[in-house]
Amino acid sequence: MLDDMPAAAFFDLDKTIIAKSSTLAFSRPFQAGGLISRRAVLRSAYAQFMYLVGGADHDQMEKLRQFMSQLCAGWDVQTVRDIVAETLHDVVDPLVYEEAVELMEAHRADGLEVVIVSASGTEVVEPIGSLLGADSVIATRLEVEDGRYTGEIETYMYAEEKAIAIRELAERRGWDLADCYAYSDSVTDVPMLEAVGHPHAVNPDKDLRRHAVEQEWPVLVFDKPVALRSRVPVPSRPTLAALAVGGAVAVGGVWWAGARRRTTGA
């Protein structure tokens with residue numbers, strides 16, 4: 001039983017468990033639905049490259065939050081969930097780090113609960129968590145009214161909010177955070193890492209690497225992809241209509257690239 005587990009291992013998602021931003025990864029399905037142009041997909045690919053190289057700072061993440069909430073306004077929630085489920089393997093399967101999967105399995109074998117903590121939306125993170133066998137998911141939640149997104153965000157799971165959420169979950173579960181583990185690639189997750197007794201930097205950005213060295217935290221490198229298709233069933237082929245809506249919930253990276261282009265004049 002989860003309630004009997006003595007502690008937990010908290011994992012950031014993007015660039016910690018999977019090799020890309022889970023948001024940017026859905027730009028291709030978005031294009032397949034005819035909602036963005038090929039040029040926009042190329043911008044998203046450029047944004048993905050910049051994210052992989054240097055990450056995103058606080059201002060960029062805040063602008064991304066605002067854009068995503070506006071983008072999703074009016075979308076049908078169930079349709080979004082359906083498309084994420086249908087395209088999950090095709091989008092996520094090539095991106096998962098073998099080292100992350102093995103580490104999660106090791107923590108589970110030691111009796112710890114595995115928790116994914118992400119700034120991406122629950123409609124994306126929860127299916128990924130289920131695919132990976134996570135016990136719990138903590139993610140951004142969009143406001144819903146009459147089965148549709150209102151364009152507002154209930155909880156943005158970013159920076160200090162992650163630390164607050166894991167403290168609350170630990171209190172409910174009866175965990176001592178001194179016995180818990182946490183893994184992340186971004187300096188914005190320092191509050192979460194500092195909240196546990198065993199913090200780890202994974203593929204860290206330069207600021208987190210510097211902080212980890214100063215604090216003498218372990219620094220891990222994940223770089224081996226693993227095919228999950230051999231472990232879990234592959235869902236049915238998605239419909240084009242589903243592709244259109246599913247991409248919309250996760251395409252905030254298109255804005256990121258466009259914003260960068262406007263800022264740099266490129």
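The values are calculated or read from the model by the stated rules, or taken from the named source; none is laboratory data. What you see is a predicted model, and the numbers here were worked out from it, not measured in a lab. Neighbour counts run over all protein chains shown; Cβ positions are idealised from the backbone, glycine included.
Determine if region 121-131 includes at least one residue that is touching an Asp or Glu at 6+ places or on another chain (Cβ under 8 Å) and either not acidic (Asp, Glu) or not in a helix (DSSP H, G or I) (or both).
no
Yes or no: region 97-120 includes at least one residue that is surrounded by fewer than 17 Cβ atoms within 10 Å (Cβ to Cβ), in a strand (DSSP E or B) and polar (S, T, N, Q).
Within region 97-120, none of the residues are surrounded by fewer than 17 Cβ atoms within 10 Å (Cβ to Cβ), in a strand (DSSP E or B) and polar (S, T, N, Q).
Show the residue pairs that are 6+ apart or on different chains and have beta-carbon atoms under 6 Å apart, the first residue being within region 8-33 and surrounded by fewer than 22 Cβ atoms within 10 Å (Cβ to Cβ), the second being modelled with pLDDT of 55 or more.
Ala19/Leu95; Lys20/Leu95
Please pick out the residue among Pro199, Pro204 that is part of a loop (DSSP other than H, G, I, E, B) and touching a helix residue (DSSP H, G or I) at 6+ places or on another chain (Cβ under 9 Å). It would help to see each step written out before you state the result.
Numbers: Pro199 fails: part of a loop (DSSP other than H, G, I, E, B).
So the residue among Pro199, Pro204 that is part of a loop (DSSP other than H, G, I, E, B) and touching a helix residue (DSSP H, G or I) at 6+ places or on another chain (Cβ under 9 Å) is Pro204.
Cβ-Cβ under 6 Å, sequence separation 6+ or interchain: first residue in region 187-206 and under 18 Å from Val221 (Cβ atoms) and among the polar types (S, T, N, Q), partner modelled with pLDDT of 95 or more and not in a helix (DSSP H, G or I). Which pairs?
Asn203/Phe222
Would you check which residues across region 141-197 are at pLDDT 95 or above, under 21 Å from Gln215 (Cβ atoms), aliphatic (A, V, I, L, M) and under 19 Å from the mean Cα position of the chain (by Cα) and list them?
If the condition is that a residue be at pLDDT 95 or above, under 21 Å from Gln215 (Cβ atoms), aliphatic (A, V, I, L, M) and under 19 Å from the mean Cα position of the chain (by Cα), then Ala163, Ile164, Ile166, Ala182, Val190, Met192, Leu193 are the ones that fit.
Residues Leu169, Leu88, Leu142: which one is surrounded by fewer than 21 Cβ atoms within 10 Å (Cβ to Cβ) and not in a loop (DSSP other than H, G, I, E, B)?
On the way: Leu88 fails: surrounded by fewer than 21 Cβ atoms within 10 Å (Cβ to Cβ); Leu142 fails: surrounded by fewer than 21 Cβ atoms within 10 Å (Cβ to Cβ).
Being surrounded by fewer than 21 Cβ atoms within 10 Å (Cβ to Cβ) and not in a loop (DSSP other than H, G, I, E, B) holds for just one of Leu169, Leu88, Leu142, which is Leu169.
Taking Asp189, is it of a type in the set (Asp, Glu) and buried (at least 17 other Cβ atoms within 10 Å of the Cβ)? Explain how you work it out, then say what you get.
On the way: of a type in the set (Asp, Glu): yes; buried (at least 17 other Cβ atoms within 10 Å of the Cβ): yes.
When the stated conditions are applied, Asp189 passes them.
Here are the criteria: (1) closer than 25 Å to Thr87 by Cβ; (2) surrounded by fewer than 18 Cβ atoms within 10 Å (Cβ to Cβ); (3) in contact (Cβ under 8 Å) with a residue 60 or more places away in the chain. Tell me which single one Tyr149 does not satisfy.
(2)
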